1. Pairs only if they're at least six apart or on different chains, beta carbon under 6 angstrom, first in region 14-42 and touching a residue at least 40 places away in the same chain (Cβ under 8 Å), second in a loop (DSSP other than H, G, I, E, B) and surrounded by 16 or more Cβ atoms within 10 Å (Cβ to Cβ); list them, first residue then second.
2. Among what's in region 67-103 and is among the small types (G, A, S) and loosely packed, with under 12 Cβ neighbours inside 10 Å, pick the residue that is modelled with the lowest pLDDT.
3. Looking at the structure I just gave you, is L50 within 16 Å of R80 (Cα to Cα) and of a type in the set (A, V, I, L, M, F, W, C)?
4. Output the residue which, of all residues in region 43-66 that are aliphatic (A, V, I, L, M) and not in a loop (DSSP other than H, G, I, E, B), is modelled with the lowest pLDDT.
5. Mind listing whichever residues of region 1-31 are more than 12 Å from the chain's Cα centre (by Cα) and part of a loop (DSSP other than H, G, I, E, B)?
6. Sort through L19, L32 and tell me the only one that's crowded, with 16+ Cβ neighbours inside 10 Å and in contact with a Lys or Arg (Cβ under 7 Å, 6 or more places away or on another chain).
Amino acid sequence: MSGGFVRLPGGSVVVALTLPSPGGDDGKVRVLVHSANRARALTRLRNLGLRAVYLRGNAHPPTLDEITAVLHHPDGLLWRAAPQTTSELWHPIRALLRPVRPA
């Protein structure tokens, strides 16, 4: 798991984490969280069921595009597949965590 954070001028933070996909496949997802501080950002993810989420260091902080995306989303929680593809848009977090329905 890798990630990082950026403190914004207003005092809030944007945390970006690359996590294993909750779907059980071998993929990874990049998750962005906008919150008052790092601890609250991680708590938001843990409350959604991502229990083993932690942030050590600041090796992969969010890019300017990622910061802009999460600041303009009403929930302040987004994800997309990692490594990113140029055609994939950001998704709300509930799209990642909803159960997969059989076809």
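1. V14/P62; A16/P62; H34/G76
2. A103
3. The answer is yes for L50.
4. Looking at residues that are aliphatic (A, V, I, L, M) and not in a loop (DSSP other than H, G, I, E, B), I get L45.
5. Matches in region 1-31: L8, P9, G10, G11, S12, P22, G23, G24, D25, D26, G27.
6. Details: L32 fails: in contact with a Lys or Arg (Cβ under 7 Å, 6 or more places away or on another chain).
None of the other options fit; the residue is L19.
The values are calculated or read from the model by the stated rules, or taken from the named source; none is laboratory data. Note that the structure is a prediction, hence the values are computed from the model and not measured. Heads up, the Cβs are rebuilt from the backbone with ideal geometry, glycines too, and the neighbour counts pull from every protein chain shown.
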